[in-house]
1. Are any residues in the stretch 24-70 in contact with a Lys or Arg (Cβ under 8 Å, 6 or more places away or on another chain) and of a type outside the set (G, A, S), and if so, which ones?
2. Suppose we filter the stretch 7-52 for residues that are outside any loop (DSSP other than H, G, I, E, B), loosely packed, with under 12 Cβ neighbours inside 10 Å and over 12 Å from the mean Cα position of the chain (by Cα); how many remain?
3. I need the full set of residues from the stretch 14-29 which are more than 15 Å from D4 (Cβ to Cβ) and of a type in the set (S, T, Y), in order please.
4. So which pairs qualify, if the first residue must be in the stretch 34-45 and within 14 Å of G20 (Cα to Cα) and at pLDDT 95 or above, the second must be open to solvent by less than 80 Å² (accessible area, probe 1.4 Å) and among the aromatic types (F, W, Y), the Cβ gap must be under 8 Å, and the two must be at least 6 apart or on different chains?
5. Any residue at all in the stretch 60-69 that's exposed (fewer than 14 other Cβ atoms within 10 Å of the Cβ) and in contact (Cβ under 8 Å) with a residue 12 or more places away in the chain?
6. So which pairs qualify, if the first residue must be in the stretch 9-30 and in contact (Cβ under 8 Å) with a residue 60 or more places away in the chain, the second must be crowded, with 17+ Cβ neighbours inside 10 Å, the Cβ gap must be under 8 Å, and the two must be at least 6 apart or on different chains?
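The values are calculated or read from the model by the stated rules, or taken from the named source; none is laboratory data. Computed from a prediction, not measured in an experiment: that's the story for all the values here. FYI the Cβ positions are ideal-geometry reconstructions off the backbone, even for glycines, and counts take in every protein chain you see. We work out accessible area using only protein heavy atoms, side chains counted, and drop any ligands, DNA or RNA first. Shrake-Rupley method; radii C 1.70, N 1.55, O 1.52, S 1.80 Å.
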Amino acid sequence: MTSDAEKYWYNLKTGEVEKGYESPAPDRAGPFDTAEEAARAPEVIQERSRAWQEEEAREDDWDSSRSSGD
């Protein structure tokens with residue numbers, strides 16, 4: 001098993017892929033197993049954010065239909 005210090009990270013400030021803990025934790029997204037995966041971090045973050053928003057919208061719809069007596 002590879003430690004996180006040996007994995008790849010995406011630097012949110014610079015947009016660079018880094019190996020290991022080069023930047024402070026608040027500036028990193030990851031870890032990723034490959035540099036290619038880390039380079040896709042902005043896309044992955046956007047996809048996950050969209051999925052969470054859709055899930056919350058479904059939950060809000062379900063909650064509102066229950067409270068309205070449907």
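1. D27, P31, F32, D33
2. The qualifying residues number 3.
3. Hit for the stretch 14-29 is T14, nothing else.
4. T34/Y8; A35/Y8; A38/Y8; A38/W9; A38/Y10; A38/F32
5. no
6. Listed by first residue and then by second, the contacts come to nothing, as the list is empty.
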